[in-house]
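Heads up: the structure comes next, in structure tokens.
Every number in this text was worked out from the coordinates using simple rules, so none of it is lab data. Please read all numbers here as calculations on a predicted model, not as lab measurements. No Cβ is skipped: glycine too gets one built from the backbone with ideal geometry, and neighbour counts run over all protein chains shown.
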Amino acid sequence: MALALALGTLLGATAQAGLADYAGGYSGSVYSGGDFADITTVFKLNNAGELFGSYEFVDGEATTRGSLNQVEVLAERVLAFTWTDRYGQGRLVVLFAGDLSSFLGYYGEALDSASDIWTGLRDEDE
């Protein structure tokens, strides 16, 4: 948690973002299976105003698709999600840049063990 708050501070100050501001597609990298893979992450807002997401990356010769749910706002521009895919379930903490153009994330089985890297750069058409 302290890491998330420290990194969030380093990313610059901005006005408090509403959940809808995070919605959009991001292209980046994820550390999985001992190597980095390209990943597409999409955050959306449902009709109830809840933020959720999905992601997809190529893992060897297979495509892994997953979901991001149960968002928790930890601090300004710092969100936590529960990720779920064919490998199981865990927690992802996402630290957004001040202009929400990119994020640096860490994931693992729990927030206190989230250490694998997950990044994203907002797609230009978003």
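What GluC sites (Glu not before Pro) in the range 56-107 are in a loop by DSSP, with at most 13 other Cβ atoms within 10 Å of the Cβ? In loop regions of the range 56-107 (DSSP not H, G, I, E or B), the sparsely surrounded GluC sites (Glu not before Pro) are E61.
Which trypsin sites (Lys or Arg not before Pro) does the range 16-98 hold that lie in a coil by DSSP with at most 15 other beta carbons within 10 Å? Before the final figure, lay out the partial values.
Details: sites: K44, R65, R77, R86, R91; in loops: R77, R86.
Qualifying residues, ordered by number: R86.
Expressed as a fraction of 2.2 N^0.38 Å, the C-alpha radius of gyration for the chain is 0.98.
Going from the residue with the fewest nearby Cβ atoms within 10 Å to the one with the most, L121, L92 rank L121, L92.
Counting other C-beta atoms within 10 Å, and keeping those with at most 15, which DSSP coil chymotrypsin sites (Phe, Trp or Tyr not before Pro) do you find in the range 84-126?
Y87
Find how many whole Å separate the alpha carbon centroid of the range 18-62 from the alpha carbon centroid of the range 68-126. Each part's Cα centre sits 8 Å from the other's.
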